[in-house]
Structures are given as C-alpha cells and as structure tokens.
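In what follows, a structure is listed as structure tokens, so that the remarks can point back to it.
The values are calculated or read from the model by the stated rules, or taken from the named source; none is laboratory data. Owing to the predicted nature of the structure, the values given are computational and were not obtained by experimental measurement. Cβ sites come from the backbone with ideal geometry, for glycine too, and all protein chains shown count toward neighbours.
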Amino acid sequence: MRIRDCLLSVLLGVVTVGCRHTYIDLNPDTSGGDVGVDDGTAGDGADADAAEGVAEVTDGLGGDGTEVVILPAPPCGNGVVDDGEECDDRNRENNDGCTWECRLGDGDPVGPPDPAARPYVVQGPAIVLPVVESPSNTALGSMGLSVMDDGTLVASWNRAEVPLGPPGMIWSRFLLADGSPARADVGISLASGWHLSGRAGTARATDFLLAWQADVDGMWHARLTVGDGLAEAPTRLFVSPDSDLPALAAQSTGYAVAWYEGTDLVPCAHDGSGPSRILLGRLDPDGKLDPTADPIELEAELGARTSPRLASGADSTLGILWWRAGTESDSDCTLRLGTADAALTTIADGGTVGTSRAGRIVEADGSYRVAWRRSSAAGIRQLGFVAFDGGAMLLEAPAACDLPFASFVGEDELGLSAGDHGLVAVLRGYDDVTGPRLYFVRTDLLGRTGDASCGALEVDRSCADAAGCEPGAFGVAWAGDAFVVIYFVTLDPSGPSPTTEMRMVRLVPAP
C-alpha cells in the first residue's frame, strides 16, 4: 500500500501529478473489458492509468472554470506480494513490520485498542419522549439524527402516505440533550400521491437542512431553525425524475449534496436501461444548488441504487462513500470511499473495502471513519471498520468483527457516531429466539474492538418480542458527554391496534 502526497500543477494546460497514496482494494473490479489494457494514453480510463499514477479528468467543472481532477488509486495493499513489493499485510499500520509502501520495516504487530476507549453501557431505563403524530411503525421511514452547534439534537423521519388517508409527511423534532423538546415538532406535508423515496438532513450552525426526492417532481429542500421552525418553505432543487436517495453534509461555505441518478430498480444490481451515476454537487448556505458548477460524476456507469454518504472534515475536506452496482440481480454492491477538497475540485479515490449494502462515514480526530455491515462467506453477520485521512490515505486497514444474530433488519440501516476517544455503531438484528433487537457496538477511534467479537450490547433490553415490543427506525449522535440513541418502538405489533413510541437512551462509560 502507498501513501499519496499529491502535488497538482497546471503547466501549459496539462495537469501533472506526482503522488504516493495509501489504497486498498479487497475486491477489485475485473468485469470491465479494459482490465490490464492500456494504450498509453494518460487519463483514458484504462486500468493501467491508475497503476501509473495518472489522474483522471472529468467533464465536471469546479465552479471556477477548472476541470475536476480525480486522483487514481494505486493497487498496493491487497494482501498479495505483487511485483515490486517486499511484503503486503493489508497495511494495518505503517510500523508493524510491513510499511504502507509495501516494504519490510521495523515495528510490532498492531496492538490492542486504545485504552482510553472505555466500554460504554446504557444509562438507566429508556426515556419515553413525547408522542409523535405517526401511525404504526410499519409506515415510518428511516431516521436521521444531527446535532447543532449549541448541542440541540434534531431527529428527522418520514411517514409514508396512507391509502385513503393523509399524504406522506417529513417530520423534524428538536430536542435538548436530556430529551426535552426545544420547540414543537415541524411537519412538512407532501403532495398527495407523492412517493418520497429518499430523505437526508444535516445541521449547520443553527440551521437544519432537509433534502428529498419526490417522484417525477424532482429533488426538493427545506431549511429549518429552532426559532422559526420552517425557516424557508420547501423549494425544488432541480427536476430530474431519475434522481433519488440524496445525502447531505454541512461545509463552511454551504453544503455538499450527493445522489443517485439512473433507472435501476434493484438496490445493488444494474438492471436499468441506461447508465447509473453517483453525483456530487454544492449547495449555498440557503440550500440552493450552485448554478456555476456542474455535478461531479463519482460513478459514471455502474452507480448502485443506494444513497451515497458524506461527512465534513475539520480540515474542510469531504469524506465520501458510494456504491458500485453488480450485474446480477442477487449481487451485493461494492463499497467505495474517497475524499474531496472544500471546493470539490479534487477527488482522491481511496479504493474499495469489499461488498456491502449499508455503510456510514463520520469525521473523527481530524480524519474519517467508516463502518459497514455485511454477511461473510460463511453466512456470519459482520460489522466492518476502516479509517482514512483527508487525502484518502489509509490509517487503519479494513477489519470486521462478528455480530451475535442471524440476519439484519432493514435494507441499509446502520448508525455511526464518533466522540470521547471512540466510535459507536448502531444496527438492528434478528434471530428466531430473540426476534428483532436494537444493538450498539463500541470501538476505539480506529474501529478496533480487540478481538473478532464485536461485543454488541442491546440498546433497550425492555423492547423484545416477549414484551410485545419491536424496535424500529433509529439515529445516533454524540451529544457532548454521551452517545445518544433515539429510536421508534412499536408496542403490540401483532395486535389489532399497534402504537408507536419514540424513545431515547444515553450511552455512557462503564463504571
């Protein structure tokens, strides 16, 4: 594996690149017709360009008339000692006997997790929050949880349209760290017949921005504040019936937005009539699309019908996750990662971390952390982690631990937050004995748990099949002195009149 310190310059209109880069690709793409073929043309998209360190230049513009440079990912770090390498241990660390440049070196194997990452436990019984205006949990979409600069928590979720009933809604709830309301809930009613297929939200200073796709009516957004509630009425970002599944991240100059565009129907299979793309663009502080910059194509032909994921870095970079689709109906997506500079003019390709249908990215300790869930070849459910910096340089190689249940619940559900020397991941699992349960996993800042076991604990042990309770959509965030999990539960889910509660727990260091 290589460390890239890239220097880009423009000389007589030619982009030159001199760089070294950390990269890992556990499942390289071998389906393309140009694999191993290069006609010697720099930047022509052939696979050998990446090995030669040649930058690809897309047609997208960076807002100032310059082309967007996408830095390629060299192929070192796959666990195989290739030509020119002295070792290749998947680069768990630089000083573990095999360096990040695949050279023999000094050092010991990776040690135990950071001792400052203390185990966390649930603090007391779950707090039941005020009633929400929603039907049973089966009509609720996924939940997002963000934190404003003053510590206010913002939970957002959507309610599906009910036949012969009310239209779909997007709800946002502003809460203080103890769970008490900061203001009345804010609801946005969707037009009758609209099918909301994607919703994203992020906090910036005192604003909360929502974005969603409303069928053929295109991508919409709305801006909320604690004081005004709906500070800016919903307006359309752009009209594109094939766009879907937006993702948002707050930046110092506005927001970044990424989304899927295509006609595929199956989340991880390329089954549509044309190319599927993952696009990245900029929004101004009011949430309006930047008209001076074309969207950047992160994945131009095989973008998977899944929501990309974004995270803003303390160094003004942007962490990006996106998925490449397979060509079979039962295939999994390939999870890809990278970073962008603040202006979205340079994209560093960090490579892939294998197959997965769900992943999240957060900023931590000045760099990025990624968690994803997957099923191993042996059918074991696993949670994977990887760490990389603002230049897409690997800090910790991908590693996975085993989860204590038989199957996942939800198509792409996974929560991830960073704080207090560690990470917390939240997800739902199911088996025939316990039914659906909500779990959390605590790691150090590099995603290490110390052994092959994830050490998963239940978020709410009182919510179980035997108690007539079923956990639903959830969100997790660091709230200053604790990780906070906010989630829905359905009471009496099999009964004639199921009801929905919103609950909150705080995860604190074990005594």
Item to check | Residues within the range 129-146 that are assigned to a strand (DSSP E or B) and either modelled with pLDDT of 95 or more or over 17 Å from I486 (Cα atoms) (or both), tallied | outcome: 2
Checklist outcome for this item: Selection from the range 448-461 of residues modelled with pLDDT of 90 or more and of a type outside the set (D, E, K, R) yields C454, G455, A456, L457, V459
Checklist outcome for this item: Among strands (runs of 3 or more DSSP E) completely within the range 157-266, the ones holding 3 or more residues that are closer than 30 Å to V128 by Cβ and outside the structural domain of V505 (by TED's automatic domain parsing) are 169-175, 186-189, 196-204, 207-214, 219-225, 229-238
Next on the checklist: I need the full set of residues from the range 403-452 which are among the charged types (D, E, K, R) and assigned to a loop (DSSP other than H, G, I, E, B), in order please.
Outcome noted: E411, D412, E413, D420, D432, R448, D451
Checklist entry - How about the range 406-428: which of its residues are within 27 Å of V266 (Cβ to Cβ), surrounded by fewer than 22 Cβ atoms within 10 Å (Cβ to Cβ), at pLDDT 90 or above and not hydroxyl-bearing (S, T, Y)? => result A406, F408, V409, E413
Item to check | Residue list for the range 449-475, restricted to those being aliphatic (A, V, I, L, M), more than 19 Å from Y120 (Cα to Cα) and out of contact with any helix residue (DSSP H, G or I) (no Cβ under 8 Å at 6 or more places or on another chain) | outcome: A464, A466, A467
Item to check | Of residues in the range 303-323 being surrounded by 24 or more Cβ atoms within 10 Å (Cβ to Cβ) and among the charged types (D, E, K, R), the one nearest to S273 (Cα to Cα) | outcome: R305
Item to check | Evaluation of W372 against (1) crowded, with 19+ Cβ neighbours inside 10 Å; (2) over 15 Å from the mean Cα position of the chain (by Cα); (3) part of a strand (DSSP E or B) (one fails), failing number | outcome: (2)
Checklist entry - Within the range 455-463, is even one residue surrounded by 19 or more Cβ atoms within 10 Å (Cβ to Cβ), in a strand (DSSP E or B), touching a Pro at 6+ places or on another chain (Cβ under 9 Å) and not charged (D, E, K, R)? => result no
Item to check | Qualifying residue in the range 244-264 (condition: in contact with a His (Cβ under 7 Å, 6 or more places away or on another chain) and surrounded by 14 or more Cβ atoms within 10 Å (Cβ to Cβ)) | outcome: yes
Item to check | Check on T202, at pLDDT 90 or above and either more than 30 Å from T327 (Cβ to Cβ) or out of contact with any Ser or Thr (no Cβ under 9 Å at 6 or more places or on another chain) (or both) | outcome: yes
Checklist entry - What residue, of T235, T202, is polar (S, T, N, Q) and surrounded by fewer than 21 Cβ atoms within 10 Å (Cβ to Cβ)? => result T235
Checklist entry - Only one residue in A126, A160 is at pLDDT 70 or above, touching a helix residue (DSSP H, G or I) at 6+ places or on another chain (Cβ under 9 Å) and not acidic (D, E). Which one? => result A160
Item to check | Residue that is farthest from A205 (Cα to Cα), among those in the range 142-154 that are in contact with a Ser or Thr (Cβ under 7 Å, 6 or more places away or on another chain) and small (G, A, S) | outcome: G144
Checklist outcome for this item: Listed by first then second residue, the pairs whose first member lies in the range 442-470 and is within 13 Å of G429 (Cα to Cα), whose partner is part of a helix (DSSP H, G or I), with beta carbons under 9 Å and at least 6 positions apart or on separate chains, are E470/N137
Next on the checklist: Given the criteria assigned by TED's automatic domain parsing to the domain that holds P125, within 12 Å of G419 (Cα to Cα) and assigned to a strand (DSSP E or B), does V485 qualify?
Outcome noted: no
